[in-house]
Amino acid sequence: MASSSKPWVLGLSASHNGAACLLHGDSIVAAVQEERLVGKKRARLYGSRPSLAVQYCLAQGGIGAADLDMIVICAQSALNLPENDLTRNPMLDIRGNGTPTLTISHHAGHAISAFATSGFDDAAVLVVDGMGSPTSDLSDDEKSAVIDTCIAGGETNSIYHAAGTSLKALEKHMIDEGRWLNAPPPGSSMPGFGSLGGLFSAAASQIFGDSMDAGKVMGLAPYGSPTIDPGEFFEIHDGRFVFSDAVPKRFTSPDRWPTNRKAYEDLAASVQNALEHALLYLVGRVRELSASRNLVYAGGVALNSVANERIIRETDFDHVYVIPAAEDSGPAIGAAYHGLWHLTGEYTPRAYERDAFGTVYSAAEISSAIGNTPCVETRETDNTVSDAADLLVDGKIIAWFSGPSELGPRALGQRSILCDPRQPDAKERLNARVKHREGFRPFAPVIPLEETANWFDVDGVDPSSPFMLRVMDFKADKRDLVPAVVHVDGTGRVQTVTQPVNGPYYDLVREFGQRTGVPILLNTSLNVMGEPIVETPGDALWCLLLTQLDACVFDGTIVTKRPGYASLGDLYPYFLVGPGDIRRAPSGDGLLFAVTTPWGPYVFGLRDEPTIAVLELLLGGLMDGKTSADTLFEQLRDRRADFTETFLTRLFAQLRRWRVLSFRDAA
């Protein structure tokens with residue numbers, strides 16, 4: 001174990017959005033989601049297994065596991081499960097290293113993450129998500145705050161008071177374990193739900209066929225009307241939420257979006273309205289229970305920017321802070337600070353103004369990535385901002401790769417796609433050419449903080465929105481100037497930037513504004529639908545090649561596609577894994593791949609039948625490294641009708657991100 005006045009503390013969030021965070025003293029050295037490194041959305045992190053996120057954090061700190069003074073795990077599943085047993089993890093070797101460990105409940109991890117990064121001396125804390133830890137994993141203090149009667153429940157809503165290193169549970173809502181999202185009632189096609197997070201997931205399941213698409217429900221809501229009263233979703237009795245199956249029983253068709261368009265638009269609007277009704281009640285309850293004038297808010301539901309704006313404008317708090325890593329990556333931060341406070345007994349208020357806890361890649365690393373990417377050209381520049389502004393004014397769509405990556409799910413100018421918001425067709429071009437996602441989903445405006453009141457109705461409230469977690473009304477006379485970032489209801493999910501915090505990203509927005517009179521850019525995450533936001537320079541360059549982005553901008557270097565390059569189909573795929581790296585899962589259900597990453601080896605499984613069928617054909621000799629992707633696609637389509645061009649293009653892109661295969665520009 002290390003001996004230092006500044007302890008090294010590792011925090012783990014073991015969940016479906018797994019993450020790790022490394023502290024040195026009270027400063028975050030690194031924090032990253034497992035999915036960014038694995039290349040697979042919602043990659044889990046297990047306490048009992050090696051993790052790329054852990055290796056990434058240790059490398060960033062320049063230390064090994066033996067140097068850690070404490071490891072803290074915050075798990076969504078029961079802590080006594082083998083998957084959460086830190087003693088089984090060979091990477092950490094806590095017995096051999098004598099490293100102390102602690103555990104913490106899921107909602108406490110969320111709560112501490114928000115408070116520790118808020119900069120407040122004290123705060124009332126609200127946590128709302130689908131479901132957190134079971135009753136067995138709560139502290140005695142948390143158990144005493146439970147107002148529900150279930151014996152083996154899971155957390156849904158929690159209220160705390162935080163001051164210094166103390167976190168006091170004031171009220172906790174539970175649901176019978178596993179019942180946050182239930183089987184559809186008889187005759188229905190929509191799942192039932194037992195929490196506010198579950199409510200959104202149930203709607204996502206009915207509308208889009210995937211309970212994890214809750215974010216899409218918020219984007220669809222402004223197209224509809226709230227025709228279903230909140231009382232049909234839930235009632236509040238003696239401070240407890242009592243959920244109903246009345247709404248699921250309304251929906252009996254298994255058809256998904258875009259069928260039943262009007263009904264689904266109204267369902268989304270009704271769900272959003274019900275959520276806002278519930279959250280305003282909860283925030284009022286927080287105000288009753290805590291004397292603090294500061295509110296901090298976390299949990300997956302805290303990513304609902306529309307509801308956040310109502311909380312900021314309509315509730316009785318002097319300051320409201322929503323942590324950018326509000327979803328399940330955030331508890332890694334909370335776990336780490338919990339361990340630090342346990343070791344030192346000290347809390348230093350520290351407001352984190354920027355969600356930027358990843359690696360800063362050197363010029364040499366960027367140059368190496370460019371050299372290993374086929375079909376690209378580079379142009380050196382001594383004025384990156386000016387040259388990037390030239391591209392944007394010319395109508396180009398650019399990837400902007402700058403500084404350390406974000407931890408949370410929103411791209412905030414470190415791993416972003418940017419374009420001119422004045423173009424009426426920009427949203428459609430982005431959705432069709434790059435993002436490959438539904439046309440109703442909005443894109444975000446990024447604006448200098450000092451310009452916000454000129455473009456949005458801030459009504460005397462603090463206009464700051466550094467983490468893209470607020471939705472504001474555009475001023476009526478400004479909407480037609482930036483049609484690409486104005487949602488159907490006249491709003492924008494705003495990111496405000498300043499020079500001290502955002503540096504060249506801010507300078508780029510200002511430069512664009514000086515040239516055009518419009519100090520706003522369209523910002524969206526640097527990825528394509530179904531993939532995590534990119535982490536490395538190589539990931540960014542392949543996003544350039546595999547989409548219709550026009551350029552990828554690094555500090556000092558602008559990368560474009562080589563003339564004549566058209567698409568992935570021009571390239572020649574080849575395996576990065578050998579026969580010994582691929583095996584059947586022990587259960588016989590799916591394949592396991594052992595791949596090599598910059599942060600160490602990783603094994604992941606595939607169960608999707610069409611994907612496995614394609615891979616088995618490729619492994620059977622179809623892919624020999626001498627056949628172009630276009631020819632392979634033709635051969636695969638001849639074998640199965642469901643092997644469409646779109647499916648194969650996305651699959652091959654994902655296999656590259658997973659480091660199963662790569663491409664060269666000649667056989």
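Quick rundown of the values:
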| item | result |
| --- | --- |
| In segment 550-609, the residues that are in contact (Cβ under 8 Å) with a residue 40 or more places away in the chain and of a type in the set (Val, Ile, Thr) | Val553, Thr557, Ile558, Val559, Thr560, Val577, Val595, Thr596, Thr597 |
| Output for segment 353-386, where each listed residue is under 18 Å from Tyr506 (Cβ atoms), buried (at least 19 other Cβ atoms within 10 Å of the Cβ) and out of contact with any helix residue (DSSP H, G or I) (no Cβ under 7 Å at 6 or more places or on another chain) | Asp355, Ala356 |
| Segment 213-246, subset without any contact (Cβ under 8 Å) to a residue 60 or more places away in the chain and either in contact with a Pro (Cβ under 9 Å, 6 or more places away or on another chain) or under 27 Å from Asn17 (Cβ atoms) (or both), residue surrounded by the fewest Cβ atoms within 10 Å (Cβ to Cβ) | Asp213 |
| Strands (runs of 3 or more DSSP E) completely within segment 443-535 that count 1 or more residues being under 22 Å from Ala388 (Cβ atoms) and within 25 Å of the chain's Cα centre (by Cα) | 444-448, 491-497, 521-525 |
| Qualifying positions in segment 396-431 - small (Gly, Ala, Ser), touching a strand residue (DSSP E or B) at 6+ places or on another chain (Cβ under 8 Å) and over 11 Å from Tyr505 (Cα atoms) | Ala399, Ser405, Ala411, Ala426 |
| Meets criteria (open to solvent by 10 Å² or more (accessible area, probe 1.4 Å), modelled with pLDDT of 95 or more and in contact with a strand residue (DSSP E or B) (Cβ under 9 Å, 6 or more places away or on another chain)) for Pro184 | yes |
| Number of the exception - Ser13 against (1) open to solvent by less than 10 Å² (accessible area, probe 1.4 Å); (2) polar (S, T, N, Q); (3) in a helix (DSSP H, G or I) | (3) |
| Some residue of segment 395-416 being surrounded by fewer than 19 Cβ atoms within 10 Å (Cβ to Cβ) and either in a helix (DSSP H, G or I) or modelled with pLDDT under 95 (or both) | no |
| Options Glu288, Glu327: the member that is at negative phi and more than 21 Å from the chain's Cα centre (by Cα) | Glu288 |
| Check on Glu346, surrounded by fewer than 14 Cβ atoms within 10 Å (Cβ to Cβ), more than 28 Å from the chain's Cα centre (by Cα), in contact (Cβ under 8 Å) with a residue 40 or more places away in the chain and more than 30 Å from Tyr574 (Cβ to Cβ) | yes |
| The one condition in (1) of a type in the set (A, V, I, L, M, F, W, C); (2) farther than 30 Å from Gly339 by Cβ; (3) touching a residue at least 40 places away in the same chain (Cβ under 8 Å); (4) open to solvent by 10 Å² or more (accessible area, probe 1.4 Å) that Ile147 fails to fulfil | (2) |
| Residue tally, condition polar (S, T, N, Q) and under 18 Å from Asp213 (Cβ atoms), over segment 238-270 | 4 |
| Residue list for segment 417-442, filter: modelled with pLDDT of 95 or more and either under 12 Å from Leu549 (Cα atoms) or surrounded by 24 or more Cβ atoms within 10 Å (Cβ to Cβ) (or both) | Ile417, Leu418, Cys419, Pro421 |
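The values are calculated or read from the model by the stated rules, or taken from the named source; none is laboratory data. Predicted model only: the values in this text are computed from it and were never measured. All Cβ positions, even for glycine, are placed from backbone atoms using ideal geometry, and neighbour counts span all protein chains on display. In case anyone asks, the SASA skips ligands and DNA or RNA and just uses the protein heavy atoms, side chains included. Shrake-Rupley method; radii C 1.70, N 1.55, O 1.52, S 1.80 Å.
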